[in-house]
Amino acid sequence: MEAKQVTERGNWGSKIAFILAAAGSAVGLGNIWRFPMAVGQNGGAVFVLVYILAVMLIGFTVMLSELTIGRHSQKNPVGAIERIKPRSPWKLIGYLGILTGICILSYYSVVAGWTLGYLIKTATGSFKGQLSGHLTDKIFTDFSANPWLVIIFLLIIIGVTTYIISRGVKSGIERWTKILMPMLFILIIFLAVRALTLPGAEKGISFYLKPDFSKLSGKVILFALGQAFFSLSLGMGTMITYGSYISKSDNLVSSAGWVCFSDTLIALLAGIIIFPTLFAIPGLTPAEGPGLVFKVFPLVFAKIPGGTIFGILFFSLLLVAAITSTISLLEVPVAYFVDERGWSRTKAAGLMGLLAFLLGVPSALSSGAVKFLTKIDFSGWMDFIFGNISLAFGALLICLFVGYIWGVKRAIGEISSGNTRFKLRPLWVFSVKFLSPIAIIIILFFIRTIAK
Ligand code: PHE
């Protein structure tokens, strides 16, 4: 029965296919759009340092916990918790994940839509000739304030995501990631080298890599932790869902390690492109907010012979990276309605996609198109509530669930299948039971300092 069910749900073709798909979920706008934005708004290098610590000490722990729950139960987040601890309130983890997934998908798709817009802009020559920060600033402001454009691009992104998800997991996800993710990685390294060799790059490097500890605050830590969860796709059951497709012979520990490592590397490299360029070419400041990446990347392309081609390549690959993430966001609610409610994939994907689109409209209109939404920063709040707080809270519940309800012993039993030695065992146990939950609880207290 078990085996039959597994094959019906689909399995990853191989371990490497899983790592690529999970990395496909993890790597996306979170690394290239959100990470530099957060660094710029939160004091530079000190944020980077806290972020790296958060990934190593907490992110990895939660990643391994989610994958373990997923593979053990072979289910979506709600069904997974139900199978491990039937009829318990812990199912909240799953429901919260479904809600969070749809809400993140809504504004994330807006930014993915901007990426599509920028791909078209680059291809049609908007960034030719001498560029300054003032000019790219104006181009972005005009673009993001155009209501019809942003909504049409949003619709395209959600439409494509819905289509891929409705066709099922294997054909949908695996195919995209195998070639394109490594390509994105190579292109980013190339661009990083170019940015580092711009005259005047030093100031940017020192902003990015030389910590100024006077800038350390509760807010910085809260955002760094939130960013770690966001970037690694943790805290809402994505990795439970993806883990449910991993085979029993795979090593969960090294898979989790690879995903954390590659995701962090790409985010760090994105910063190496953004900050040197930003400081080398006048007109922009680090705290530009959501437009930062869209204002800075065209400046790098302008400094490379054949820059238009690189620009097209970059925005295309970023778009693919974004879509491998949007499909993982939509997969969580869809897996729930298919597994638990008996809906067809097409119906589940269609309805959830529609919901995300409707929720995405006010976010799309909050970057200049509608005054009121812009003033209250609708998409900023969506991102703060769902992209930071809700993920952190979800991650806390997952640690408590694995540490105390399911129990580390049973979790370790699952991890041992595919990894009999599990050398990190004592560290993981300490982190999942004490370090991570306590750190998250303390950090969540800083919410008050931000709401002010
Ligand atoms: N990790 C993705 C990114 O960095 C976003 C994401 C968050 C995807 C949460 C799934 C779940 O772009």
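Looking at Leu299, Leu252, which is the one that is more than 24 Å from Tyr108 (Cβ to Cβ) and in contact with a Lys or Arg (Cβ under 8 Å, 6 or more places away or on another chain)? Full working, then the answer.
Numbers: Leu299 fails: in contact with a Lys or Arg (Cβ under 8 Å, 6 or more places away or on another chain).
The conditions single out Leu252.
Which residues, taken from the range 113-125, are free of Cβ contacts under 8 Å to residues at least 60 places away in the same chain and either within 16 Å of the ligand (Cβ to nearest atom) or surrounded by 17 or more Cβ atoms within 10 Å (Cβ to Cβ) (or both)? If you could, list the steps in order and put the result at the bottom.
Let us first name the residues in the range 113-125 that are free of Cβ contacts under 8 Å to residues at least 60 places away in the same chain, namely 117, 120-121, 124.
Correct list: Gly117, Lys121.
Which one is farthest from the chain's Cα centre (by Cα) among residues in the range 317-373 that are among the hydroxyl-bearing types (Ser, Thr, Tyr) and surrounded by fewer than 19 Cβ atoms within 10 Å (Cβ to Cβ)?
Ser344
Every residue in the range 11-49 that is open to solvent by 30 Å² or more (accessible area, probe 1.4 Å) and modelled with pLDDT of 95 or more, please.
In the first step, residues of the range 11-49 are kept if they are open to solvent by 30 Å² or more (accessible area, probe 1.4 Å); the result is 11, 13-16, 20, 41, 49.
If the condition is that a residue be open to solvent by 30 Å² or more (accessible area, probe 1.4 Å) and modelled with pLDDT of 95 or more, then Gln41, Leu49 are the ones that fit.
Let me confirm something: among Gly172, Gly101, which residue is modelled with pLDDT of 95 or more, in a helix (DSSP H, G or I), under 28 Å from Ile69 (Cβ atoms) and not hydroxyl-bearing (Ser, Thr, Tyr)? Break it down into steps so the answer makes sense when it comes.
Numbers: Gly172 fails: modelled with pLDDT of 95 or more.
On inspection, the qualifying residue turns out to be Gly101.
May I ask you to list the residues in the range 126-142 that are assigned to a helix (DSSP H, G or I) and open to solvent by 10 Å² or more (accessible area, probe 1.4 Å)?
Residues of the range 126-142 that are assigned to a helix (DSSP H, G or I), as a first pass: 133-142.
His134, Leu135, Asp137, Lys138, Ile139, Phe140, Thr141, Asp142, listed by residue number.
Quick one: Pro89 ticks every box in (1) more than 16 Å from the ligand (Cβ to nearest atom); (2) more than 30 Å from Arg341 (Cα to Cα) bar one, so which box is it?
(2)
Those residues that are more than 22 Å from Ser316 (Cβ to Cβ), among the β-branched types (Val, Ile, Thr) and under 16 Å from the mean Cα position of the chain (by Cα), I need them from the range 261-296; list them, please.
Residue satisfying the conditions is Thr264 alone.
Determine which member of the set Ile438, Ile405 is in a helix (DSSP H, G or I) and touching a residue at least 40 places away in the same chain (Cβ under 8 Å).
On the way: Ile438 fails: touching a residue at least 40 places away in the same chain (Cβ under 8 Å).
Only one candidate qualifies: Ile405.
Out of all the residues in the range 82-96, which are open to solvent by 80 Å² or more (accessible area, probe 1.4 Å) and assigned to a helix (DSSP H, G or I)? I'd like the intermediate steps shown before the answer.
Here is the first cut: in the range 82-96, the ones open to solvent by 80 Å² or more (accessible area, probe 1.4 Å) are 83, 85, 87, 89, 92, 95.
Residues satisfying the conditions are Arg83, Pro89, Leu92, Tyr95.
For the range 183-269, list the helices (runs of 4 or more DSSP H) that sit wholly inside it and hold at least 3 residues that are open to solvent by 10 Å² or more (accessible area, probe 1.4 Å) and touching a helix residue (DSSP H, G or I) at 6+ places or on another chain (Cβ under 7 Å); which are they? It would help to see each step written out before you state the result.
Details: elements: 201-209, 218-231, 238-243.
Fully inside the range 183-269 and qualifying: 201-209, 218-231.
Test each condition in (1) open to solvent by 10 Å² or more (accessible area, probe 1.4 Å); (2) modelled with pLDDT of 95 or more for Val110 and report the one that comes out false.
(1)
Can you find even one residue in the range 248-266 that is more than 15 Å from the ligand (Cβ to nearest atom) and farther than 29 Å from Leu53 by Cβ?
Yes; the residues of the range 248-266 include at least one that is more than 15 Å from the ligand (Cβ to nearest atom) and farther than 29 Å from Leu53 by Cβ.
Pairs needed: first member in the range 57-71, farther than 17 Å from Ala439 by Cα; second member anywhere, basic (Lys, Arg) and not in a helix (DSSP H, G or I); C-beta distance under 8 Å; at least 6 residues apart or different chains.
Matching pairs, first to second residue: Arg71/Lys248.
So which residues in the range 381-407 are open to solvent by 20 Å² or more (accessible area, probe 1.4 Å), of a type in the set (Val, Ile, Thr) and over 19 Å from Ser366 (Cβ atoms)?
Ile405
Report yes if Thr277 is more than 13 Å from the ligand (Cβ to nearest atom), closer than 22 Å to Leu209 by Cβ and buried (at least 24 other Cβ atoms within 10 Å of the Cβ), otherwise no.
yes
Select, from Thr68, Thr61, Thr100, the only residue that is under 23 Å from Leu359 (Cβ atoms) and open to solvent by less than 10 Å² (accessible area, probe 1.4 Å).
Values: Thr68 fails: under 23 Å from Leu359 (Cβ atoms); Thr61 fails: under 23 Å from Leu359 (Cβ atoms).
Exactly one of Thr68, Thr61, Thr100 is under 23 Å from Leu359 (Cβ atoms) and open to solvent by less than 10 Å² (accessible area, probe 1.4 Å), namely Thr100.
The values are calculated or read from the model by the stated rules, or taken from the named source; none is laboratory data. Quick caveat, the model's predicted, so the values are computed rather than measured. All Cβ positions, glycine included, derive from the backbone under ideal geometry; neighbour counts span all protein chains shown. SASA here: full protein model, heavy atoms, side chains in, ligands and nucleic acids out. Shrake-Rupley method; radii C 1.70, N 1.55, O 1.52, S 1.80 Å.
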